[in-house]
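> Below is a structure I'd like to ask you about.
The values are calculated or read from the model by the stated rules, or taken from the named source; none is laboratory data. It should be emphasised that the depicted structure is a prediction, and the values quoted were computed from it without experimental measurement. All Cβ positions, glycine included, derive from the backbone under ideal geometry; neighbour counts span all protein chains shown. When the accessible area is computed, the model is the full protein with side chains, heavy atoms only, and any ligands, DNA or RNA have been set aside. Shrake-Rupley method; radii C 1.70, N 1.55, O 1.52, S 1.80 Å.
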Amino acid sequence: LTWSLVHQASSTKGQVMRFAMPLPSMAPMTFAGLRPLDISPKGDRVVYVGRAESITQLYLREFGRMSVERIQGTVGGQNPFFSPDGEQIGFTVEGRLMTIPVSGGTPNDLGSRSAIGATWGPGDTIIFSPEILAGLSQVSALGGPSTVLTTPDPEQGEFGHWLPEMLPDGKHVLFTIWTTGSLEETRIAVLDIDTREYRTIVEGGTHARYAPSGHLIYMKSGTLMAIPFDLDRLAITGAPVATVEGVAMNVGNGSAHFSFSEGGSLIYLQSGENSTTIEWVDREGRAETLVELGRACESLHLAPSGRRLAVDIVTAGNRDIWTYDLSRETLTRLTTSTTSETGTIWTPDEKRITFSLDTPPFDIYWMPADGSGPPEPLLQGKRDKHVGDWSPDGRVLAFRKETAENQTDLWTLELDGDRTPEPFLATPFSEVQPAFSSDGRWLAYASNVSGRYEVYATPFPGPGERRQISTDGGTQPLWSPDGRELFYRNGDAVLAVSIELDPELIVGRPEVLFERAVGYSIHTNVRGYDVSADGQRFLMLRKEGMVTGSAQINVVLNWFEELERLAPTGAQ
């Protein structure tokens, strides 16, 4: 049906056609990363990030075929983007830039990191954002050293230059300027690669792309906007109009889940697919719904008493902190600022909730859990920071902090004294997701020191021997309240390891408790599950449309014809 619609539309100029492209249950799409899908310049192929059998990788759907094919060599891949000829795909694995032929094979590691977006231009040049608090860089698609193109100007409120998109001439790049304000205060700019000069062309928008119809397409408040754009003068020539509403996006970085071909075929994901349900899941994998949020949520933390839950919820394009009273079944909103927040954790006395800003500079705040006072800064600074865990006595906060080499180390902040943060575990690799044992003598965490993320435990406050807990990959460590087990995630699986803490740490063999598709990114900033006081049930997030295998891609054919009617360019 899909193939016949494509041919029918291509032979019927001006007829805009809309339909849904279903994805097979064996490989549903996951919202991992910045951009989970892309369409080739010719419009004949779609690449997307899928998850099957607990493995995330890239999948290819050709319009001429009914089947979806795994792209060999892309395990762990995210953020796919096509080369100009559509024969190769760029993507990231744990933030590292890779390229690979569409047919698959051995990926080419470009030796660079991409934090917030990348684009492939003519002449095998890739423009990318190497880290969150940085400008744009460029590297050859064949690999080699990278070159810095832009540097954010703090005096102008610029924190990062993100989401680059090459213009057809290969000499200019659209990108998003992330500012000190909210998502609505981002700016769209255009860069001259030769002179390294850039200027703002749109206020209040993100993730812009140029359409051959003569329009600039960008995201604003969950809607794809179109505005006439003169490619020769690099100038706006008309007023913006709304084109497609309810397009899914990542509110933390402004990336929008859409793409279009040179011929006018638009693909996008509907924002409604981000609706999240919180479930109780027992050790055999049996699930019971706790609350249907109806909105996107990424992190949760059960209060020590087990009576309340802290979550982050997206409302009107902004992520805020809420609490849920399990006995009264009521949700209460705590934060209402224009800055997104995430990574909620309770203090051990349940008097405060600690969280991270979900926008630069990613500072750490806390506030009264009853909402009686506003959020107050607990830890500020230039580098990316994310909350981890409080020690059982509530005196020490463990958190992760970005390094100058684009890795992350574990740091601690003691409330007593002058509150000067101190490094706890600093290596050339990334250490993330710290979690204190129930007696406060051990700190579990995940690290990619072996080449993939594994779970480890080390004495606190140290020094002492590092012990590996997981055996085949793992993230998101979580201690049982009695300290006799350590849980962690590996893809869709939840595993348990028996632990003895006294007189020394004795580690058992990991056992899979159950597997449950999560439908969201298991990334290294937050923990998307928690355990009950008796250790017998888990609170877990489930995103609607991502678990049943009913995910779909929305398609609009001849979309450029519609753009011309909505926002005429005056071109003949």
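> Which ³J(HN,Hα) values in Hz, rounded to whole numbers, follow from the phi angles of the stretch 505-511 under the Karplus curve 6.51 cos²θ - 1.76 cosθ + 1.60, where θ = phi - 60° and Gly and Pro get x?
Karplus-based 3J(HN,Hα) across the stretch 505-511 equals 6, 10, 10, x, 8, x, 10 Hz.
> Related question: For D232, D153, D389, give the ranking by accessible area with the largest first, probe 1.4 Å.
Solvent-accessible surface, decreasing: D232, D153, D389.
> What translational diffusion coefficient, to the nearest whole µm²/s, does the chain have by Stokes-Einstein, given a Kirkwood radius computed over alpha-carbon pairs, a temperature of 20 °C and 1.002 mPa s viscosity?
88 µm²/s
> Please list 3J(HN,Hα) in residue order for the stretch 458-469, calculated via the Karplus relation 6.51 cos²θ - 1.76 cosθ + 1.60 where θ = phi - 60°; whole Hz, with x for glycine and proline.
Karplus-based 3J(HN,Hα) across the stretch 458-469 equals 9, x, 10, x, x, x, x, 6, 7, 10, 7, 9 Hz.
> Follow-up. In sequence order, what are the phi-derived ³J(HN,Hα) couplings for the stretch 363-371 according to the Karplus relation 6.51 cos²θ - 1.76 cosθ + 1.60 with θ = phi - 60°, rounded to whole Hz, with x for glycine and proline?
With coefficients 6.51, -1.76 and 1.60, one gets 6, 9, 10, 9, 7, x, 5, 8, x Hz.
> Same structure again: Give me the count of lysine pairs in the chain whose alpha carbons sit under 23 angstrom apart, restricted to pairs 8 or more positions apart or on different chains.
5
> How far apart, in nanometres, would the label points at I55 and D472 be if each is projected 7 angstrom from Cα along the Cα-to-Cβ direction?
1.2 nm
> Sorted by mean Cβ packing within 10 Å, highest first, what order do the peptides 186-198, 257-269, 279-291, 458-470 take?
In decreasing order of mean packing, 186-198, 257-269, 279-291, 458-470 become 257-269, 186-198, 458-470, 279-291.
> Probe of 1.4 angstrom, ligands and nucleic acids ignored: what's the accessible area per residue over the chain, in square angstrom? Kindly include the intermediate steps, with their values, before the conclusion.
Working: 22380 Å² over 572 residues.
So the chain comes to 39 Å² accessible per residue, rounded to a whole number.
> Over the chain, with every protein chain in place, what whole percent of the accessible area is carbon and sulfur at 1.4 Å, could you tell me?
47 percent
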